[in-house]
Amino acid sequence: MLSDVTTPQDLDERFREAVGAIEVSATGRTAAEPVRDGGTLDGRTALELFDAQLVSRHLDLAARWLRSFGEGFYTIGSAGHEGNAAVALAVRSTDPALLHYRSGAFYCARAVQAEAEGLAARAGQDDGPAHRVGVAERVAEAMRGQDGNGKPGDRDRDGDADDGTGTPDAVLDAARDVLRGVVASADEPIAGGRHKVFGNPAVAVVPTTSTIASHLPRAVGIGFAIERLRRLGDGRVRPAGRRAAGGAARRHGAAEPAWPSDAIVVCSFGDASVNHATAVAAFNTAGWCDHAGLRIPVLFVCEDNGLGISVRSPDGWVAQALRAKPGIRYFSADGCDLVETYDVAVEAAAWVRRHRRPAVLHLCTVRLMGHAGADAEIAYRSAAEIARDVDRDPVVATARLLAEAGLVTPEELIARYDEVGWQVRKVAEEVLGERKLESAADIVAPLAPRRPVRVARTITDAAGRAAGPGAAARSAAFDGKLPEQAGPLTLAQTINAALADGLLDHPGMTVFGEDVAVKGGVYGVTKGLRERFGAPRVFDTLLDETSILGLGLGAGLSGMLPVPEIQYLAYLHNAEDQLRGEAATMQYFSRGAYRNPMVVRIAGLAYQDGFGGHFHNDNSLAVLRDVPGLVLAVPARADDAAPMLRSCLASAAVDGSVCVFLEPIALYHTRDLHAEGDEEWLAPYLGPGGWTASHVPIGRGRVYGVGSAEDVTIITFGNGVRMSLRAAAKLAEEDVGVRVLDLRWLAPLPVADIIREAQATGRVLVVDETRRSGGVGEGVVAALVDAGFVGSARRVAAIDTFVPLGPAARHVLVSEEAITQGARTLLAR
């Protein structure tokens, strides 16, 4: 008898009771036949899927058992969603899959599928990854009465049912992976105890976070990248997103796609996620691209149990919302009916693969045992409603399907249930004693690896190619007018030249964003790049920052080197979780098995003359400095911009780094430093011969000495560098020697440089153009305190407000006068 809530014991008893009451069909079917009239799912495949469903169900029960005595730390389960196992066999094991946290049965089925396809490939039954045909597609071919070569074909089935003994090693390995995640074992193979995720590079399952819908923009990005890489052809680079097998070194520019060229992306999510802004962005981008003629082979899978924890999805809302998505083909099935789910999933996957267009598969499921272990769902659901969901239990439904087909008896089904349960419980007991993460160093190890020597060598190698075998191509790309021969350049011109050199050296590099291609950027920074390198590599996007970053996430994971542009810093804030929750966590949650290298260019900071207001003069960087592992570069001068951009590109390619390259808008076209016409803010562009000597390592500042440089140290960045140098010149007229430290890197801060330069004078003025609260200056002062600095220090920072329009901005931003007065105050102490 069910209680008012579904507990592990309730589901266990219900399974035995319901399966024991099934009447066996008098006319049995063979395992090679469809398990039900009108469907294509054969008995053998149904038995395989039932095993995956059983393992998934017992994983949920084991997680609750582990939690009962304090050894399980994650109890969001897949109970009621086990029909998604059929989706796994409707696609290929080489199709990248980004899974919802209730897609446990999919993960188990994918593991078995990958093992079977691997065995077939090793036996010589496979023509390679791009031509691999899964079980589901063989069935689809049989529906047309032909094999893969267009000839009449018979499936190679012997008609014997599975003997039911033992569980495949692959699915037990998958169970072990999941349970290691539940107990936070350091031996868990994907996240290493840092989080419980579904992920495994061997079966193309990409780990996702628990933030609902945040992985959908990445899925669209992967689909975009698969098709874009096909267009780039031999220009593809070795994947920067997924590590090459064996880690063998390859020649520069050698192609090895992360996914087969005909792969599709599978992305599952819950019904409540349909309403999330990131999901809306992903659907819109997929539809927008489709409308524009761009191919996005993504199969979205909505697992709809009607609940977002306790909030119900209104009846019919999800179906109506998904049907209405322009450019996305809609398919639907009863997710508790294995045959229907399988057949519709096969149809949907085949449609996406054939047309290279997006589709959504809407599965109606149920949620059993509440949202998670601590969820008392009786507080918001009636007992009758809960009982109705239990009556639709997909595992019981599959058991009934098999018994009524005469493939197995109810007694054999219950015995199989018990056997799988015993095996899963045994694995759970085994992982209990495994080690946990034991130190902070262990925890952060995969977060943001830094190999500065290799990065420096990469830049030196690039210089050698540009000056040697690539010299002719470089000259052609610049129309014979090399930037190093053009005389002193502005910051904007230098970034443009450095981007061009990057595109020449990194065949998989792409530059994209709002207005970057045809227009060449709002400030002309990307002018001419599209004409030189073509639309596949330099292109405009729709106006949505979440989708721009999502395209970058997917492209980086797929082997490209994306350089997306966010047009203004203020526009980042509605999309920042794509950096914080997705980009920065990928290596952390996969122990480096997956990476999403990316260099995000953002125009920002204040001091634009004649054009402004908050949205074009945003001076808030706190959210970027708070993202663990993210590199934040702020070049103030032309002669720093190119080396810093090269460092970011090399770090992304070598270490998979996520970098933000923040470009001070007000300095883009600045030419003069002290007096009109002096052109001291310009700098010549260094050709390849100077790249090694001018290399700027990540986390190293730059020091300017003015006068004796012995009295005051000014620590600043961005627009503050120019203002501080001008203020220092005035102070020098008063016989005050100033050292100006340009931080250049705001994450990680150049702490060693800060301490050294502070100690050189004993007086520190931190000039921070961001806000006083939460600004960069707080980090600088904290570094001084942590180092035991005993001198004098003060800050000059912007007021805690938004930047107003016009001349009023001068009242809230840092000024040269404030810097000069701040230094004098320090000297007077």
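Some points to look at:
- Debye, to nearest 20: dipole size of the stretch 269-325, +1 on Lys, Arg Cβ, -1 on Asp, Glu Cβ: 160
- Student exercise, the chain dipole from Lys, Arg, Asp, Glu Cβ charges, in Debye to nearest 20: 2440
- Charge dipole of the chain about the Cα centre (unit charges at C-beta), most positive-ward option of Val352, Ala653, Thr825: Thr825
- Under 22 Å of direct C-alpha separation, and excluding same-chain neighbours fewer than eight residues apart, Lys196 reaches these lysines: Lys426, Lys436.
- Here's the picture: charge each Lys and Arg Cβ at +1 and each Asp and Glu Cβ at -1 in the chain, and of Val298, Pro643, Ile443 the one pushed furthest to the positive end of that dipole is Pro643.
- Cα gyration tensor, the stretch 572-700 - rounded (a/c under 1.5), prolate or oblate: oblate
- Assigned charges on the beta-carbon of Lys, Arg, Asp, Glu; the stretch 48-95 dipole about Cα centre (debye): 140
- Backbone amide hydrogens, once placed in the peptide plane, bring Ile715 within less than 5 Å of Leu741, Leu765, Val766, Val767, excluding anything fewer than 5 places away on its chain.
- In degrees, nearest ten, helix 719-732 long axis to first principal axis of the chain (Cα): 20
- Peptides ranked, highest mean first, by Cβ atoms within 10 Å: ranges 486-493, 19-26, 501-508: 501-508, 486-493, 19-26
- 5 angstrom amide H check on Val660, placed H, neighbours 5+ away: Val600, Val631, Leu632, Ala633
- HN-Hα J in Hz across the stretch 430-440 - Karplus 6.51, -1.76, 1.60, θ = phi - 60°, x for Gly and Pro: 5, 7, 4, x, 6, 5, 9, 4, 10, 7, 4
- Cα-based shape type of the stretch 764-829, given that a ≥ b ≥ c are square roots of the gyration tensor eigenvalues and the cut on a/c is 1.5: oblate
- Helix 776-786 axis versus longest C-alpha principal axis of the chain: approximately 90°, rounded to the nearest ten.
- Only protein heavy atoms count here; on that basis, with a 1.4 Å probe, Leu784 has an accessible area of about 10 Å².
- A compact globular protein would have a Cα radius of gyration near 2.2 N^0.38 Å; the ratio found for the chain is 1.05.
- Based on protein heavy atoms only, the stretch 339-453 ends up with 41 Å² per residue of surface accessible to a 1.4 Å probe.
- Between 0 and 90 degrees, the angle of helix 338-355 with respect to the longest Cα principal axis of the chain falls at about 40 degrees.
- If you take the alpha carbon atoms of the stretch 260-400 and fit the smallest convex hull around them, that volume is 122 Å³ per residue.
- Cα-based reach from Lys527 at 20 Å (exclusive), listing lysines while leaving out same-chain residues under 8 positions away: Lys481, Lys519
- Between the stretch 628-702 and the stretch 64-90, the alpha-carbon center distance in angstrom: 48
- Summary of the geometry: the stretch 38-63 and the stretch 518-566, compared by the centres of their Cα atoms, lie 43 Å apart.
- Prolate/oblate/rounded call for the stretch 488-577, Cα gyration tensor, a/c under 1.5 rounded: oblate
- Backbone phi angles across the stretch 590-605, fed through the Karplus curve with coefficients 6.51, -1.76 and 1.60 (θ = phi - 60°), yield HN-Hα couplings of 10, 6, x, 5, 10, 9, 10, x, 6, 10, 8, 8, 9, 7, x, 6 Hz in residue order; Gly and Pro are listed as x.
- For the chain, carbon and sulfur atoms together expose 51% of the accessible surface, with a 1.4 angstrom probe and every protein chain in place.
- Inverse of mean 1/r across different Cα pairs in the stretch 625-683, Kirkwood, Å: 12.8
- Applied to the stretch 178-193, the Karplus parametrisation 6.51 cos²θ - 1.76 cosθ + 1.60 on θ = phi - 60° returns per-residue 3J(HN,Hα) values of 5, 5, 4, x, 4, 8, 6, 6, 5, 8, 4, x, 9, 9, x, x Hz, with x for Gly and Pro.
The values are calculated or read from the model by the stated rules, or taken from the named source; none is laboratory data. Please read these numbers as outputs of a predicted model, since none were measured by experiment. Neighbour counts are summed over all protein chains in view; Cβ atoms, including those assigned to glycine, are modelled from backbone coordinates with ideal geometry. Keep in mind that these areas ignore ligands, DNA and RNA; they rest on the heavy atoms of the full protein, side chains included. Shrake-Rupley method; radii C 1.70, N 1.55, O 1.52, S 1.80 Å.
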